[in-house]
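Below is one structure, written out as structure tokens; comments come after it.
Just so you know, all these numbers are worked out from the coordinates, no wet-lab data involved. For clarity, every value in this text was computed on a predicted model and none was experimentally measured. Here Cβ is always computed from backbone atoms with ideal geometry, including for glycine, and neighbour counts include all displayed protein chains.
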Amino acid sequence: MLARVADSLYWMARYIERAEHTARLIAVKLESMIEQSPEDAENSWIRVVAALTGEEASTTDAHAITQAIAFDRTNPSSLVSSLRFARDNARQIREQLSTEMWEHLNRLYLSTHGETIRSVWVHQPAQFFRQTLEDLFTLDGVTYSTLRHGEGWRFLELGRYIERAQLVSRLLDIHFGIVAPGYKNPPPPPKYFDWLVLLKFCAAFEPYCKEYTADLRPEKIAQFLLFDAEFPHSVRFSVDRVVESLAHVATGAPPNRRAACERLAGRLKASVDFGLIDELSGDSIDNFLVNITRQCEQIHDAVYKAYIAYDAETVL
Amino acid sequence: MQKGVPSGLELGVEDHHPSTPAKPVRPGEAAPYAHYELSAAYDEMFTPKGHVRAHYGQLDLRLLTLEPDELLRRQQACEQSFLHQGITFTVYSDNQSTERIIPTDLLPRIVTGAEWDRVERGLKQRIQALNLFLRDIYAEGRVLKDGVIPRKLILGSKHYRREMRGVAVPHGSYVNVCGSDLIRCEDGHFAVLEDNLRVPSGVSYMLANRDVVRRAFPNVFRASRVRPIEQYPNELLATLKSLVPFQEDVSIAVLTPGVFNSAFFEHAFLARQMGVELVEGRDLLVNDNVVYARTTSGLKRIDVIYRRVDDDFIDPLVFREDSTLGVAGLFNAYRAGNVVLANALGTGVADDKAVYAYVPRLIRYYLSEEPILDNIETFLCREEKSLSHVLANLDKLVVKAVGESGGYGMLVGPHASQGEREEFARKLKADPENYIAQPTIQLSTAPTYVNGGVEARHVDLRPFILHGEETRIVPGGLTRVALKKGSLVVNSSQGGGSKDTWVLND
């Protein structure tokens with residue numbers, strides 16, 4: 001597979017994952033704020049903005065925040081921007097995708113890129129984000145069943161799960177760790193309802209209840225979202241997929257070029273396979289989560305160095 | 001809806017009609033043709049007396065029975081499909097980008113099998129002569145020594161590539177993909193307007209049009225016995241493979257300038273349909289005169305490049321050094337015979353508008369045959385007698401700059417103002433060698449869906465000819481249509497659209 005094609009597939013998947021995450025956070029937030037006191041809702045919005053942008057929110061107004069993180073075209077991490085970047089990447093490698101995948105993504109882009117907060121806000125704004133989520137799930141299914149599960153598909157998986165591991169880690173960090181270093185108005189520690197919302201942010205409420213009953217406890221929630229091996233939005237599940245994908249890309253590359261990626265991925269896998277939630281309290285969970293994000297970045301760099309942006313002189 | 005016309009809307013209904021109408025419908029009479037105007041131009045559907053030509057009979061019956069809403073719905077379905085497939089270009093305004101589709105017309109342009117067979121023979125003859133000509137001028141130059149064509153016209157052309165002298169080209173095939181523009185003259189016969197021998201485009205629209213129009217008129221399509229064209233990608237692949245004759249496993253790539261090129265859709269389409277890699281210049285590198293693509297696993301050798309990048313940009317070491325679209329060292333690898341480029345470099349010298357005028361003579365010279373397809377009468381302003389004729393008849397002629405294409409650098413005499421004509425006359429006198437003139441040609445008209453009805457619009461035809469070990473042509477080609485009433489300019493850059501082209505099994 002061309003190195004440039006792998007690059008586009010990888011980023012296409014990352015942007016699709018980011019779009020899905022953003023759409024779900026906004027949908028859940030818009031639906032849940034109705035049941036919260038104004039103060040609790042504001043604190044919760046601050047966490048959403050911090051999770052998606054890494055910055056302290058300049059406003060706590062739901063309308064203004066939704067505009068910025070969903071529809072602002074000048075904001076490169078907004079929902080519409082993520083969908084645009086996903087589609088731009090897909091267009092460059094149109095010949096590598098199945099027609100069903102491309103047309104589905106293209107239709108999704110065409111139907112969302114002209115949307116504004118004004119047209120969405122009038123009736124049930126959450127509905128727009130639920131619809132977008134549903135379209136993204138369909139895209140996922142279309143991809144799974146129409147694209148050959150070869151190297152290209154593995155790069156899609158790699159991009160998606162590296163992104164997911166980082167997004168979920170950051171979201172957990174904001175709820176469990178030292179919320180916001182240097183924030184002027186850091187939100188208070190989460191309340192019972194915030195833990196429920198956190199599970200919904202990760203599409204995890206029902207799966208969690210099946211495993212631990214409806215008894216919502218922070219340490220069990222952390223255990224589930226970090227270390228559950230079978231839940232698709234847990235960090236451990238994502239890391240497993242990263243390791244698996246890496247084993248199937250660039251299979252023609254000699255072992256010495258593959259070594260760095262495999263070592264880094266194996267190390268990360270070990271830390272989530274054998275981690276214990278009881279050992280992570282206070283500062284240490286914060287460090288643990290930051291460390292996962294950093295290791296994902298290292299894997300990304302190693303993949304680029306070995307398979308995508310390598311120096312041609314080294315392989316001649 | 002006309003009185004007495006059955007209003008069957010169900011798809012199956014059209015099959016129950018007799019194959020020829022009892023009474024021919026004339027333009028201006030029945031509803032869909034209310035604004036159909038016949039002119040001096042040949043009309044593809046109606047005879048000069050207004051009777052429907054037999055090969056349009058099936059389509060005519062269908063159009064008469066369709067409600068206007070239904071035609072509109074089908075046109076919209078075609079456009080929607082183009083939009084979703086991404087057959088679009090982007091318009092930017094106020095920080096907002098909008099996708100616009102390449103205009104496509106619902107109604108097929110229909111050609112009889114007998115007419116087509118003659119065209120096909122003519123095109124095969126023409127590409128054979130042009131390839132012999134190219135081989136000759138990049139080798140011993142017999143045609144120049146014999147004085148068939150002026151030496152200065154060839155060696156002085158900006159598209160003549162001295163670097164190509166002595167380069168061995170497989171099967172002597174310089175032009176592997178040719179798109180010749182044909183028009184139908186007032187008396188109904190096809191003539192060649194120009195040859196596109198460099199990187200002709202449009203074949204993906206030919207296939208995309210077929211796909212949507214077949215869905216819009218499934219029963220007319222079946223009843224009309226249309227010859228298939230879907231084999232084009234396969235035939236292109238066979239042509240490219242034939243350029244490396246003694247190798248089992250040939251690695252082929254399509255080279256595109258990138259996603260911002262207006263024909264990018266086509267490049268991706270052809271790569272996908274052929275199942276070969278689509279590469280950009282930055283994906284390739286040359287080492288020891290061998291071309292490689294950068295893959296995730298390492299370097300992979302490339303044997304044939306179907307390049308959709310112009311000569312000028314293909315190798316910054318040999319041609320334009322500011323090009324970022326090409327590959328440094330590619331030309332040397334090509335000269336060394338380690339990679340085949342299709343089309344070969346330097347083919348542009350033969351589709352020059354002045355060289356065009358000599359093509360009938362080249363056919364006689366190389367093949368000792370009479371040309372099957374006519375040229376349009378062309379006055380070479382470099383010849384003194386022609387120049388004075390052109391200057392005296394500027395109001396009747398179309399004058400074209402030799403090296404331009406896409407409808408640029410052109411004077412359409414009858415439509416120009418006195419001032420424009422005088423200014424062009426000055427240019428002509430200053431640099432006569434740079435111009436040719438042709439009579440104003442009435443392109444034929446064909447039924448086109450506009451303003452909710454069917455009207456006559458001018459069309460041309462671009463068939464695609466493949467030449468490698470053998471010559472292959474899929475029946476038909478891309479019909480381009482000037483969507484503006486009365487306009488003769490079919491170029492997509494200037495308000496033209498395209499249509500599906502049906503060649504029938506008579």
*Would you mind pulling out the separation of the Cα centroids of the stretch B:453-506 and the stretch A:109-123, in Å?*
39
*asked:* Once you place label points 7 Å from the Cα toward the Cβ at A:E297 and B:V290, how far apart are they in nm?
replied: 4.0
*asked:* I need the calculated FRET efficiency for the pair B:S97 and B:K396, taking r as the beta carbon distance and R₀ as 51 Å, to the nearest 0.05.
replied: 0.70
*So for A:I308, A:I46, fewest C-beta neighbours within 10 Å to most, what's the order?*
A:I308, A:I46
*What is the calculated FRET efficiency for A:E211 to A:F137, with r their C-beta to C-beta distance and R₀ = 25 Å, to the nearest 0.05?*
0.70
_Charge dipole of chain B about the Cα centre (unit charges at C-beta), most positive-ward option of B:L64, B:F319, B:V355_ = B:V355
_What distance in nm separates the two pseudo spin-label positions at B:E423 and A:S77, each 7 Å out from Cα along the beta-carbon direction?_
5.5
_Euclidean distance of C-alpha centroids, the stretch B:124-179 and the stretch A:140-190, integer Å_ = 60
*Working from the alpha-carbon coordinates of the protein assembly as shown, get Rg over Rh, Rh being the Kirkwood radius.*
1.05
*Of A:K184/A:K269; B:K49/B:K385; B:K158/B:K485; B:K385/B:K484; B:K49/B:K396, which pairs sit farther than 32 Å apart, going by alpha carbon to alpha carbon?*
A:K184/A:K269; B:K49/B:K385; B:K158/B:K485; B:K385/B:K484
*Mind checking which aspartates and glutamates have their Cα closer than 16 Å to the Cα of B:K353? Skip sequence neighbours fewer than 8 apart in that chain.*
B:D181, B:E194, B:D195, B:D374, B:E377, B:E383, B:E404, B:D431, B:E433
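What is the packing order of peptides B:306-313, B:112-119, taking the mean over residues of other C-beta atoms within 10 Å and listing the highest first?
Values: B:306-313: 21.9, B:112-119: 16.1.
Peptide ranking by packing, descending: B:306-313, B:112-119.
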*According to the Kirkwood expression over distinct Cα-Cα pairs, how big is the hydrodynamic radius of the stretch B:195-342, in Å?*
16.7
*asked:* Could you tell me how far the Cα centroid of the stretch B:336-397 sits from the Cα centroid of the stretch B:240-270, in Å?
replied: 28
*Arrange the following residues from fewest to most other Cβ atoms within 10 Å of their Cβ: B:F379, B:F265.*
B:F379, B:F265
*Provide Rg and Dmax in Å for the stretch B:377-439, with only Cα atoms included in the calculation.*
10.2, 28
*Projected area, mean over directions - the stretch A:3-315, Cα convex hull, nm²*: 16.6
*Using helices alone, what [θ] at 222 nm do you get for chain A, with -39,500 (n - 2.57) per DSSP H run of 4 or more residues, divided over all residues and rounded to the nearest 500?*
-22500 deg cm²/dmol
_Cut-off is 10 Å between beta-carbons; in what order do B:E422, B:E277 appear when sorted fewest neighbours first?_
B:E422, B:E277
*Among the lysines, which fall within straight-line cross-link reach of A:K191, defined as a Cα-Cα distance under 21 Å, with same-chain neighbours fewer than 8 residues apart omitted?*
A:K29, A:K200, A:K220
*Could you pull out every one of the aspartates and glutamates with an alpha carbon less than 17 Å from that of B:K241, ignoring same-chain neighbours closer than 8 positions?*
B:D249, B:E277, B:D303, B:E469, B:E470
*Semi-axes of the equivalent ellipsoid for chain B, Cα gyration tensor, largest first, Å*: 39, 29, 21
*Which order do peptides B:199-206, B:341-348, A:214-221, B:413-420 fall in by mean Cβ count within 10 Å, highest first?*
B:341-348, B:199-206, A:214-221, B:413-420
